[in-house]
Amino acid sequence: MSTQNKTNRKTILDIKKMKIQGEKIAVLTAYDYGMASIMDESDIDIILVGDSLGMVVLGYDTTLPVTMEDMLHHTKAVSRAANSALIVADMPFLSYQVSTQTALANAGRFLQEANAQAVKLEGGRECADTIQKITSAGIPVMAHLGLTPQSIHQIGGYRVQGKKEDSAHRIIEDAKIIEEAGAFAVVLECIPEGLASEITQSISIPTIGIGAGVECDGQVLVINDILGMYDKFTPKFVKKYANLNLEIKKAVKSYISEVKNGTFPDSEHSFK
Ligand code: KIV
């Protein structure tokens, strides 16, 4: 059970106010204490403990194998680091789809055991009752529309959603439904920028885009992607702000070579 009380963290009210004031919301994923500390000290608005950890940290091909225990373990680590960012934890596959009761019980664990302030779940109208149930219990919910990776097998691949008029219309309706159900924000993943702009203007809660253009109220990306650490697959919407894969390989190779040729440790790194 968590005993920490991070009273200076942003709240969902701060995040909602940013939309009203036209201030963009910056969101990144983190999965561990070290990275979350750096982000928090850099004044990120929201840290999302995404179930993308299944792919970039645990090495699975999809997010589907991620469990509640995985998510709680990593959310606890991130929460220990966060003094100013709002912490949102992703609800993993099947932790909220089976019944509204289990969804509420699982959502509650993120606040009670892992010190998160909100949860995220994927889906539109089919999740409306669940969102209502969870928010009625005092747990803020971030929704997720467009490309929803937990439905990858139904969608048939990581592809742009809402390109046709009927599917675009359905996503707009879903956004209104989840707002009505009580969500405080919504991630829009991989949809045309015009559609994201229309949704952003038609709902009062913040839209957080990932591959959804610049008109969203905020943006989210996976930290391993922007640092150039995850090189298995780079979606078009990812901008690499660093190439740490290369930097880490250089450092590791230098270390190996110094160990092998006996130049490490030198006197500076040894005790007399
Ligand atoms: O799991 C995740 O990291 C996400 C974001 C990419 C939105 O859902």
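The values are calculated or read from the model by the stated rules, or taken from the named source; none is laboratory data. Just so we're clear, the structure is a prediction, and the values are computed from it rather than from any experiment. Cβ: placed from backbone, ideal geometry, glycine included. Neighbour counts: every protein chain shown. Ligands, DNA and RNA are stripped out before the accessible areas are found, and what is left, the full protein with its side chains, is counted by its heavy atoms. Shrake-Rupley method; radii C 1.70, N 1.55, O 1.52, S 1.80 Å.
Some points to look at:
- Taking the accessible area of the chain, probe 1.4 Å, and keeping the other protein chains in place, the carbon and sulfur fraction comes to 53%.
- The magnitude of the dipole of the chain, with charges of +1 and -1 set on the Cβ of Lys/Arg and Asp/Glu and taken from the Cα centre, is near 360 debye.
- Selected from 117, 178, 223, residue furthest toward positive end of dipole (the chain; charges at beta carbon): 223
- For the chain, the residue among 155, 235, 135 whose Cα projects farthest onto the positive side of the dipole built from Cβ charges is 235.
- Structural descriptor for region 6-241: relative contact order 18 percent, calculated from alpha carbon pairs under 8 angstrom and at least 6 residues apart.
- Alpha carbon centroid spacing (whole Å) that separates region 204-222 from region 75-90: 20
- Lys, Arg +1 and Asp, Glu -1 on Cβ, resulting dipole of region 130-272 about Cα centre, debye, nearest 20: 660
- Region 234-269 and region 108-151 have Cα centres separated by 39 Å.
- Extension gain (nm, one decimal) between residue 204 and residue 233, 0.36 nm per residue minus Cα-Cα: 7.0 nm
- Against the main long axis of the alpha-carbon atoms of the chain, helix 68-81 sits at an angle near 70°.
- Ranked by the mean number of other Cβ atoms within 10 Å of their residues, highest first, the peptides 81-87, 116-122, 163-169, 174-180 fall in the order 116-122, 81-87, 174-180, 163-169.
- The equivalent ellipsoid that matches the C-alpha gyration tensor of region 34-118 spans semi-axes of 22, 16, 9 angstrom, in descending order.
- With a 1.4 Å probe rolled over the protein heavy atoms of all chains, the accessible area of 151, 95, 267 falls in the order 267, 151, 95, largest first.
- Only Cα pairs under 8 Å and 6+ residues apart enter the sum, and on that basis the relative contact order of region 138-219 stands at 29 percent.
- Integer Hz, Karplus 6.51/-1.76/1.60 couplings in order for region 245-251, x for Gly and Pro: 3, 5, 4, 5, 4, 4, 5
- Taking Cα atoms only, the orientation of helix 165-181 departs from the longest principal axis of the chain by about 90 degrees.
- Residue-normalised accessible area of the chain, expressed per residue, 1.4 Å probe, Å²: 51
- Largest to smallest accessible area among 217, 32 [probe 1.4 Å]: 32, 217
- Among 200, 66, 11 - extreme Cα towards positive end, dipole of the chain, charges at beta-carbon: 66
- Label zone at residue 246 (point 7 Å along Cα-to-Cβ), backbone N below 18 Å, region 194-233: 224-233
- Relative contact order of region 53-131, pairs being alpha-carbon contacts under 8 Å that are 6 or more residues apart, as %: 30
- Ranking of 155, 46 by solvent-accessible surface, largest first: 155, 46 (1.4 Å probe, protein heavy atoms only, all chains present).
- Cα coordinate range in region 6-241, projected on the principal axes (Å, largest first): 44, 40, 38
- Among 102, 207, 29, residue whose mean-square fluctuation peaks in a GNM of the chain (springs only between Cα atoms under 10 Å): 102
- Taking the C-alpha atoms of region 227-268, convex hull volume expressed per residue in Å³: 63
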